[in-house]
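The values are calculated or read from the model by the stated rules, or taken from the named source; none is laboratory data. Note that the coordinates shown come from a computational prediction; the quantities given were computed from them, not determined experimentally. As a convention, Cβ positions derive from the backbone with ideal geometry for all residues, glycine included, and neighbour counts pool all protein chains shown.
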Amino acid sequence: MDRSNKPSAIGLGASLPQPTLSIRDNIIEASLPTGQSVTVNLYGATVTSWKTRGQEQLFVSEKAHLDGSKPIRGGIPLVFPVFGPPPQNHVTSPLPQHGFARNSNWEFLGKSSSEAPGRDSDQTDLTVKLDFGLSHSMLTDEFRQAWPYEFGLVYSVTLTTDSLETSLQVRNEGQQNFEFQVLMHTYLNIADISDIRVKGLESATYLDKTLQGTAHTESSPALAITQETDRVYQQLDPAVPVVVASAKDDQPLFSITREALTDVVVWNPWIEKAKGMADFGPDEAYKNMICVEAGSVSGWQTLEAGEAWEVISVHDSYDLKMSIPNSKFKVR
Ligand code: BG6
């Protein structure tokens, strides 16, 4: 994959403030000298917090299980190798909903720091990248038997001053081809669901999971969420951001750009489903979240023996108090 804009690691002067890292039990937290931070739970390599400008950008349910007994309800759970309930008579059929990556214990592979061009051209931003790994031998016996392929996943979480980038490399380390789906199930933290619109989906075909998975075409340039919403938007151009904007003044709150991820799931459980989920709370919290999930889920990716595949999702967060430059969507 061409990553020509990837920040190159450079030697940082000893006098420059450096990112800090703390590792406590199975929780990894990294902070930039400018105050931004990210927290990752090794259970699922789930990002459970992303703070910029002192504000939490991700939603995590008050009732989320953080002890490894259940996938974490919030943050960014990683869906692999199957999205949703596995299809019948498929090799993934024995797996739980959304696969095993979000309920497996990952390994922390290490941190690296680099400098990247800032939003203002004369500015340089410090970034910190955390790498996590999961392989076949690390799975529980149950998952190893249910999905018997030799695979390696490297999940990288990169924090910059105004964005969080998540990238996943999938490697086939065995002799047999395998098929998979992948999704970064991001729960964005919002003040009020009635005050946001989701943009960048107009004219796309979506499968509506609240209407038996039937296909529809998005007619709205700015989607309002007014009921249970569970849609798989397909064949989007990954370079065109999906934007969560303020309904009041159209200013962007978040944008999500992707590489090699052509599907986007938009999910909000609304009142009844939220009440029905034991790990979702408080009941009213459905107003404070919107899931915008970058993935490859409407078909299957096939990875041949010895091959690797890499995908990226970049979440940008905007400060409404700042002026938004024309090139507001991060160019990578
Ligand atoms: C979304 C799916 O991605 O995840 C929904 O489209 C599902 O159908 C939601 O309800 C939450 O899934 P889970 O397994 O975390 O409850």
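The conditions of being at pLDDT 95 or above and β-branched (Val, Ile, Thr) are not met by THR161. Looking at region 258-320, the strands (runs of 3 or more DSSP E) lying wholly inside it that each contain 2 or more residues that are more than 14 Å from the ligand (Cβ to nearest atom) and farther than 26 Å from LEU159 by Cα sit at 289-303. Identify all residues within region 239-253 that are farther than 14 Å from LEU223 by Cβ and in contact with an Asp or Glu (Cβ under 7 Å, 6 or more places away or on another chain); write none if there are none. Listed by number, the list holds a single entry, LYS248. Within region 173-191, restricting attention to residues that are more than 16 Å from the ligand (Cβ to nearest atom) and part of a loop (DSSP other than H, G, I, E, B), the residue that is surrounded by the fewest Cβ atoms within 10 Å (Cβ to Cβ) is GLN175.
Of the conditions (1) away from the ligand (no atom under 16 Å from the Cβ); (2) assigned to a loop (DSSP other than H, G, I, E, B); (3) in contact (Cβ under 8 Å) with a residue 12 or more places away in the chain, GLN88 fails just one. Which one is it? Only one criterion in (1) away from the ligand (no atom under 16 Å from the Cβ); (2) assigned to a loop (DSSP other than H, G, I, E, B); (3) in contact (Cβ under 8 Å) with a residue 12 or more places away in the chain is unmet by GLN88, namely (3). Select from region 28-54 the residues that are more than 16 Å from THR158 (Cα to Cα) and modelled with pLDDT of 95 or more and write down the one among them that is nearest to the chain's Cα centre (by Cα). Taking the candidates together, the pick is GLY44.
Counting the residues of region 55-85 that are on the phi > 0 side of the Ramachandran plot, within 11 Å of the ligand (Cβ to nearest atom) and out of contact with any Lys or Arg (no Cβ under 9 Å at 6 or more places or on another chain) gives 1. When the test is whether a residue is in contact (Cβ under 8 Å) with a residue 24 or more places away in the chain, within 22 Å of ALA64 (Cα to Cα) and exposed (fewer than 15 other Cβ atoms within 10 Å of the Cβ), ALA101 does not pass it. Residues considered: LYS111, LYS6. Of these, the only one that is of a type in the set (Lys, Arg), farther than 30 Å from PRO282 by Cβ, away from the ligand (no atom under 16 Å from the Cβ) and modelled with pLDDT of 95 or more is LYS111.
Within region 228-243, the residues that satisfy the criterion of being among the β-branched types (Val, Ile, Thr) and either away from the ligand (no atom under 16 Å from the Cβ) or not in a strand (DSSP E or B) (or both) are VAL240, VAL243.
On the given criteria, is SER112 in contact (Cβ under 8 Å) with a residue 40 or more places away in the chain, buried (at least 19 other Cβ atoms within 10 Å of the Cβ), within 22 Å of SER49 (Cβ to Cβ) and of a type in the set (Gly, Ala, Ser)? Considered against the rule, which asks whether it is in contact (Cβ under 8 Å) with a residue 40 or more places away in the chain, buried (at least 19 other Cβ atoms within 10 Å of the Cβ), within 22 Å of SER49 (Cβ to Cβ) and of a type in the set (Gly, Ala, Ser), SER112 comes out as no. Checked against the criterion of being more than 16 Å from the ligand (Cβ to nearest atom) and part of a helix (DSSP H, G or I), the candidates SER194, SER219, SER203 yield just one match: SER194.
Every residue, every condition in (1) more than 30 Å from THR161 (Cα to Cα); (2) surrounded by 20 or more Cβ atoms within 10 Å (Cβ to Cβ); (3) under 21 Å from the mean Cα position of the chain (by Cα), yes or no:
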| site | (1), (2), (3) |
| --- | --- |
| GLN227 | yes, no, no |
| GLN234 | yes, no, yes |
| VAL240 | no, no, yes |
| THR257 | no, yes, yes |
| ALA260 | no, no, yes |
| ILE271 | yes, no, no |
| ALA274 | yes, yes, yes |
| GLU284 | yes, no, no |
| ILE290 | no, yes, yes |
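Here is a list: THR34, THR39, THR48. Which entry is in contact (Cβ under 8 Å) with a residue 40 or more places away in the chain and not basic (Lys, Arg)? Step through it out loud before you land on a result.
On the way: THR39 fails: in contact (Cβ under 8 Å) with a residue 40 or more places away in the chain; THR48 fails: in contact (Cβ under 8 Å) with a residue 40 or more places away in the chain.
After ruling out the rest, the residue left standing is THR34.
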